[in-house]
Amino acid sequence: MDTTAVDEVVGLCRDLLRIDTTNTGDPRTTVGERVAAEYVASRLEEVGVETTLLESAPTRTNLVARIPGADPSRGALLVHGHLDVVPADPSEWSVHPFSGEEKDGYLWGRGAVDMKDFDAMVLAVVREWKRVGYTPPRDIVLAYTADEEAGMEYGSQWLVRNHAGLFDGVTEAIGEVGGYSYTVNDDLRLYLVQTAEKGLDWLRLHAHGRPGHGSFIHDDNAVTALAEAVARVGRHRFPTVVTPTVRQFLEQVSDALQIDLDPDEPELAISKLGPIANLIGATIRNTANPTRLEAGYKDNVIPGKASATIDCRTLPGHADSFLAELRDIIGPDVEIEHVHQQSAVETSFDGDLVDAMGAALRAEDPGARTVPYLMSGGTDAKAFATLGIRCFGFAPLRLPPDLNFSALFHGIDERVPTEGLKFGVRVLDRLLRNS
Ligand SMILES: [Zn+2]
């Protein structure tokens, strides 16, 4: 009998976990993306899938492949995953983070849920299709990217800027972060599907003053002006805004849990949500958190300038109103520089693909119910959405009820249940065959 995707997925995931693809954010110390991309390429080429490796810089390798579908006139579906992971300190872990160890029903390692699990599921499904000669209903484009964990400049952002042609005809995409279960009771599990992401705006504030001697009376000090502005920003609470995705989320969760969640009282509603509250607490308002300060060069010299970095995250459709509000808080004398910006993305939770997600989950878990949500962080979807692609976070996993899943992302002892991986493969296979 042929090896199936379910048979293979754990081994493929283990292989990927054993390739250290730590992305430190510094290209000089970031490793392994080329090794991982070559591994994926070899597993795909072994079954006859042609792949293209694209390097944005030495070893910053991305992989793209297209699997022709039965009806080329239909829009293609992009299935994407990143290969890099955030750093892991072995001294903090109970297993080595790059050992790919299997124990207690879990596969352990940095990237186990973010997101070599999905990388392996996709690989397993496509390999099975090729072995049995299956053709999907429409073109499937696979993308394995570098650099998702450090701004995507060497990965998806670079791909869409320099090789947009590879994504010709793609109308929809699935990738991280979503599709995993939150157990309500024995008969009901919510599967959160990401349909929106907050935008990102890293700002540098510059205050200017009169340089001088630290022993004098001085009324134009750049450090003081900057500190005042930073403190005002850091203490400010932006008003709550309920975007269409959050409204739908609250309405559907309210219905599923049979509790009253009034979308017009979002803070109260979220406070009733227990563990899910973590995930969506930051999605009902814009945020601005000071993260860095820089000023001065000597203890007795008042510097002429001082700067600070503010990490701002904006709701879909609210970037401009946010900036106007922030300008007011900061005041006219401190200059604002935009260091790095990525727009928010949002798509509606409807259509054939969304229906197919629900159907694929219910076929494997009769207690499954899909719910859309807005994510406060960012993923490769931000880059792909610039091509007009509707992006969904759907990397299916059925999780044990007591697992604190969100803590595993970038966390210590990151691990994925092996049964969850097999479940994910079955759901993904059904979804892709019916999309
Ligand atoms: Zn990720």
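The values are calculated or read from the model by the stated rules, or taken from the named source; none is laboratory data. Everything quoted here is computed from the prediction, not taken from an experiment. Virtual Cβ from ideal backbone geometry, glycine too; neighbours counted across all protein chains shown. Ligands, DNA and RNA are stripped out before the accessible areas are found, and what is left, the full protein with its side chains, is counted by its heavy atoms. Shrake-Rupley method; radii C 1.70, N 1.55, O 1.52, S 1.80 Å.
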Worksheet item: Which FRET efficiency value, to the nearest 0.05, is calculated for residue 412 and residue 99 with the Förster distance at 22 angstrom and r the Cβ-Cβ distance?
Response: 0.95
Worksheet item: Per the Kirkwood definition applied to all pairs of different Cα atoms, how many angstroms is the hydrodynamic radius of the range 1-56?
Response: 12.9 Å
Fill in: Size of electric dipole in the range 55-99: Cβ of Lys, Arg +1 and of Asp, Glu -1, about Cα centre, debye, nearest 20
300 debye
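Taking 0.36 nm per residue of separation and subtracting the Cα-Cα distance, what length does fully extending residue 256 through residue 7 add? Present the calculation step by step, with values, prior to reporting the outcome.
Values: separation 249, 0.36 × 249 = 89.64 nm, distance 3.40 nm.
That pair, residue 256 and residue 7, stretches by 86.2 nm at full extension.
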Item to complete: Would you mind listing how long the range 1-97 runs along its three principal axes, going by Cα atoms, in whole Å with the largest first?
Response: 51, 37, 22
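Which percent, to the nearest 5, of DSSP beta bridges fully inside the chain are antiparallel?
Working: 49 of 73 bridges.
Roughly 65 percent of the beta bridges in the chain run antiparallel, per DSSP.
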Worksheet, complete the sentence: Measuring from its Cα centre, the range 198-342 shows a charge dipole (+1 at each Lys and Arg Cβ, -1 at each Asp and Glu Cβ) which, in debye to the nearest 20, is 440 debye
Worksheet item: Over the alpha carbons of the range 257-307, what is the largest minus smallest coordinate on each principal axis, giving the biggest first in Å?
Response: 63, 21, 12
Worksheet item: When the Cα atoms of the chain are enclosed in a convex hull and the volume is divided per residue, what value in Å³ results?
Response: 156 Å³
Discussion item. Taking amide H atoms as placed 1.01 Å from N in the peptide plane, list the residues 5 or more away in sequence, or in a different chain, whose amide H sits under 5 Å from that of residue 368.
Written reply: 189
Discussion item. Suppose each label sits 7 Å from its Cα in the direction of the beta carbon; what would the residue 434-residue 356 distance come out to in nanometres?
Written reply: 1.0 nm
Worksheet entry | Protection proxy ranking of 305-314, 255-264 - average other beta-carbon atoms within 10 Å, highest first | 305-314, 255-264
Worksheet item: When the Karplus curve 6.51 cos²θ - 1.76 cosθ + 1.60 is applied with θ = phi - 60°, which whole-Hz ³J(HN,Hα) does each residue of the range 416-432 get, with x for Gly and Pro?
Response: 10, x, 5, 5, x, 4, 5, 4, x, 4, 5, 5, 4, 4, 4, 4, 5
Worksheet item: Given N residues in the range 141-237, what is Rg(Cα) / (2.2 N^0.38 Å)?
Response: 1.90
Fill in: Selection from 151, 173, 199 lying farthest towards where the dipole of the range 109-216 points positive, charges on Cβ
151
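Using the structure shown, list the pairs from 198/272; 198/305; 103/198; 305/382 with a Cα-Cα distance above 28 Å, or answer none.
Values: 198/272 23 Å; 198/305 32 Å; 103/198 36 Å; 305/382 34 Å.
Distance filter (> 28 Å) returns 198/305; 103/198; 305/382.
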Item to complete: Compute the acute angle (0 to 90°) between the alpha-carbon long axis of helix 33-45 and the principal axis of greatest extent of the alpha-carbon atoms of the chain; round to the nearest 10°.
Response: 20 degrees
Worksheet item: Roughly how much of residue 200 is accessible, in Å² to the nearest 10, using a 1.4 Å probe?
Response: 20 Å²
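Could you give the semi-axes, largest first, of the ellipsoid that matches the range 53-141, computed as the square roots of 5 times the alpha carbon gyration tensor eigenvalues and rounded to whole Å?
Working: eigenvalues 201, 62, 18 Å².
Semi-axes (√(5λ), whole Å): 32, 18, 10.
What does the helix-only formula give at 222 nm for the chain: each DSSP H stretch with n ≥ 4 adding -39500 (n - 2.57), the total divided by the residues, and the result rounded to the nearest 500 deg cm²/dmol? Could the numbers behind the result be given before it?
On the way: 12 runs with 136 residues, N = 435.
Mean residue ellipticity at 222 nm (helix-derived): -9500 deg cm²/dmol.
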Practice prompt. May I ask you to give the solvent-accessible area per residue for the chain, in square angstrom, as obtained with a 1.4 angstrom probe?
Written response: 42 Å²
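Quick one: pull the percent of accessible area on the range 198-342 belonging to carbon and sulfur, 1.4 Å probe, ligands and nucleic acids left out.
Values: 3940 of 7840 Å².
Carbon-and-sulfur percentage of accessible area, whole number: 50.
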Worksheet item: Residue-wise, which Karplus ³J(HN,Hα) couplings in Hz belong to the range 327-334, taking 6.51 cos²θ - 1.76 cosθ + 1.60, θ = phi - 60°, and x for glycine or proline?
Response: 4, 4, 5, 6, x, x, 8, 9
Worksheet item: Taking H as built 1.01 Å from N, whose amide H comes closer than 5 Å to the amide H of residue 333, not counting residues under 5 places away?
Response: none
Worksheet item: Label 7 Å along Cα→Cβ of residue 339; the range 292-308 residues with amide nitrogen under 16 Å?
Response: 292-296, 306-308
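Per the Cauchy relation, a quarter of the hull surface: what is the mean projected area of the convex hull of the alpha carbons in the range 34-184, in nm²?
Working: hull surface 44.5 nm².
Computed as one quarter of the Cα hull surface, the answer is 11.1 nm².
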Discussion item. Give me the dipole magnitude in Debye, nearest 20, for the range 234-285 about the Cα centre, with unit charges on the beta carbon: positive for Lys and Arg, negative for Asp and Glu.
Written reply: 380 debye
Item to complete: At q = 0.20 Å⁻¹, work out log10 I(q)/I(0) for the range 198-342 with the Debye formula, treating every Cα as an identical point scatterer and leaving solvent out; two decimals please.
Response: -1.11
Discussion item. Ignoring solvent entirely, what values of log10 I(q)/I(0) come out of the Debye formula for the range 108-194 at 0.10, 0.11, 0.17 Å⁻¹ when each Cα is a single scatterer?
Written reply: -0.37, -0.45, -0.99
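Can you give the translational diffusion coefficient of the range 309-415 in µm²/s, computed by Stokes-Einstein from the Kirkwood radius over Cα pairs at 25 °C and 0.890 mPa s? Provide the component values of the computation, followed by the final result.
Details: Rh = 17.4 Å.
Estimated via Stokes-Einstein, D reaches 141 µm²/s.
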